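First comes the structure, then the notes that go with it.
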Amino acid sequence: MLIREESKLKDNLEKLKLENYKPLREIVFEYLRESILKGKLEPAQRLMEVQLAEQLGVSRTPVREAIRKLELEGLVVMLPRKGAYVADVSLKDIIEVLEIRAALEGLAASVAAERMTDEDLEKLELISYQYKKSLENGDIDMMVKKDIELHDLIFNSTNNQKLIQINNSLREQVYRFRVTYISDHDTSKNLVKEHENIIEAIYNRNSKEAMQRSTEHMENAQNFIIEKSRRKNCEK
């Protein structure tokens, strides 16, 4: 595992805004977890308790507890005599997760074309519009949020609880890739049209077309992420 001794914490992390109704350990955990998923803390980056505590404006105890919890989620690894590091993601891991995701998205869109209510279809069109406006405003966080909402609505409209559960189980693993993909301006513009194509197929109750459009949508994301990962590995 490649490790990063040089830390970028001072550039990427801010002092926490404490909320009275949440335990401090939960606030620290959620903040570090989000920082890893969004790439503010990069794969193989070392997590030093003292430095993190100082940067976040908290004591070492909640930081230590948060790191242990992140390890249980697979987002952090503990290396003997070296400490805690953000878990790296291999190219093989990326390919496996995105292959599964492409198959699931195609199936969900196909079933949704048959079962989605008119009310949910209106919601889907609204979310797609909101995604487009977020792109125009350059709001990456909102784009990610709306992309998640759009795909979750398609899955939920299938009324297939097993399919929905599988989708939810992959949420964190997919989140890292989703942020990377959506953050690229050119691909973000393509996503608008791809979303519209999927929605049109669902609107027309065309299961076969919905499956094809949704699968292609995920394959485009897969190809982008794999190519970017390979370029990054070549630079190391």
Item to check | Which numbered condition residue 215 fails, given (1) over 16 Å from residue 128 (Cβ atoms); (2) surrounded by fewer than 15 Cβ atoms within 10 Å (Cβ to Cβ) | outcome: (2)
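Restricting attention to segment 32-47, and to residues there that are in a helix (DSSP H, G or I) and either within 11 Å of the chain's Cα centre (by Cα) or at pLDDT below 85 (or both), which single residue is surrounded by the most Cβ atoms within 10 Å (Cβ to Cβ)?
Kept after step one, since they are in a helix (DSSP H, G or I), are these residues of segment 32-47: 32-37.
Still in the list and also either within 11 Å of the chain's Cα centre (by Cα) or at pLDDT below 85 (or both): 34, 36-37.
Working: 34: 12, 36: 23, 37: 19.
Step by step, filter segment 32-47, then rank; the result is 36.
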Checklist entry - Within segment 120-136, is there a residue that is charged (D, E, K, R) and touching a Ser or Thr at 6+ places or on another chain (Cβ under 6 Å)? => result yes
Checklist outcome for this item: Checked pairs for segment 78-106, first closer than 20 Å to residue 147 by Cα and among the charged types (D, E, K, R), second part of a helix (DSSP H, G or I) and at pLDDT 90 or above, C-beta under 6 Å and 6 or more apart or across chains, list as 101/218; 105/214; 105/218
Checklist entry - Given the structure, is residue 28 surrounded by 18 or more Cβ atoms within 10 Å (Cβ to Cβ), at pLDDT 90 or above, out of contact with any Lys or Arg (no Cβ under 6 Å at 6 or more places or on another chain) and part of a loop (DSSP other than H, G, I, E, B)? => result no
Item to check | Output for segment 184-203, where each listed residue is open to solvent by 60 Å² or more (accessible area, probe 1.4 Å) and touching a residue at least 40 places away in the same chain (Cβ under 8 Å) | outcome: 189, 196, 203
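If you go through segment 194-201 one residue at a time, do you hit one that is within 16 Å of the chain's Cα centre (by Cα) and either of a type in the set (Val, Ile, Thr) or assigned to a helix (DSSP H, G or I) (or both)? Walk me through how you get there before you give the answer.
To start, the set of residues in segment 194-201 that are within 16 Å of the chain's Cα centre (by Cα) comprises none.
No, segment 194-201 has no match at all.
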Checklist entry - Does residue 188 satisfy being closer than 14 Å to residue 104 by Cα, small (Gly, Ala, Ser) and assigned to a helix (DSSP H, G or I)? => result no
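Any residue at all in segment 104-127 that is over 19 Å from residue 200 (Cβ atoms), modelled with pLDDT of 95 or more and either of a type in the set (S, T, N, Q) or in contact with a helix residue (DSSP H, G or I) (Cβ under 7 Å, 6 or more places away or on another chain) (or both)? Lay out the reasoning, then the answer.
Our first condition is that a residue be over 19 Å from residue 200 (Cβ atoms); within segment 104-127, this holds for 104.
Remaining after also requiring modelled with pLDDT of 95 or more: 104.
Those still in the list that are either of a type in the set (S, T, N, Q) or in contact with a helix residue (DSSP H, G or I) (Cβ under 7 Å, 6 or more places away or on another chain) (or both) too: 104.
The answer is yes; a qualifying residue exists.
Would it be correct to say that residue 2 is open to solvent by 50 Å² or more (accessible area, probe 1.4 Å), at pLDDT below 90 and outside any helix (DSSP H, G or I)?
Working: open to solvent by 50 Å² or more (accessible area, probe 1.4 Å): yes; at pLDDT below 90: yes; outside any helix (DSSP H, G or I): yes.
The answer is yes for residue 2.
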Checklist entry - If you scan segment 161-177, which residues turn out to be farther than 15 Å from residue 103 by Cα and in contact (Cβ under 8 Å) with a residue 40 or more places away in the chain? => result 172, 173, 175, 176, 177
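Among the residues that make up segment 58-72, is at least one of them modelled with pLDDT under 90 and either among the polar types (S, T, N, Q) or in a helix (DSSP H, G or I) (or both)? Reasoning before the result, please.
Applying the first criterion (modelled with pLDDT under 90) to segment 58-72 yields 72.
Subset that is either among the polar types (S, T, N, Q) or in a helix (DSSP H, G or I) (or both): 72.
For segment 58-72, residues modelled with pLDDT under 90 and either among the polar types (S, T, N, Q) or in a helix (DSSP H, G or I) (or both): present.
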Checklist entry - Out of (1) part of a helix (DSSP H, G or I); (2) modelled with pLDDT of 90 or more, the odd one out for residue 205 is which? => result (1)
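The values are calculated or read from the model by the stated rules, or taken from the named source; none is laboratory data. Source: prediction; values computed, not measured. In this analysis, Cβ positions are derived from the backbone assuming ideal geometry, glycine residues included, and neighbour counts consider all displayed protein chains. For accessibility, only protein heavy atoms count, side chains too; no ligands or nucleic acids. Shrake-Rupley method; radii C 1.70, N 1.55, O 1.52, S 1.80 Å.
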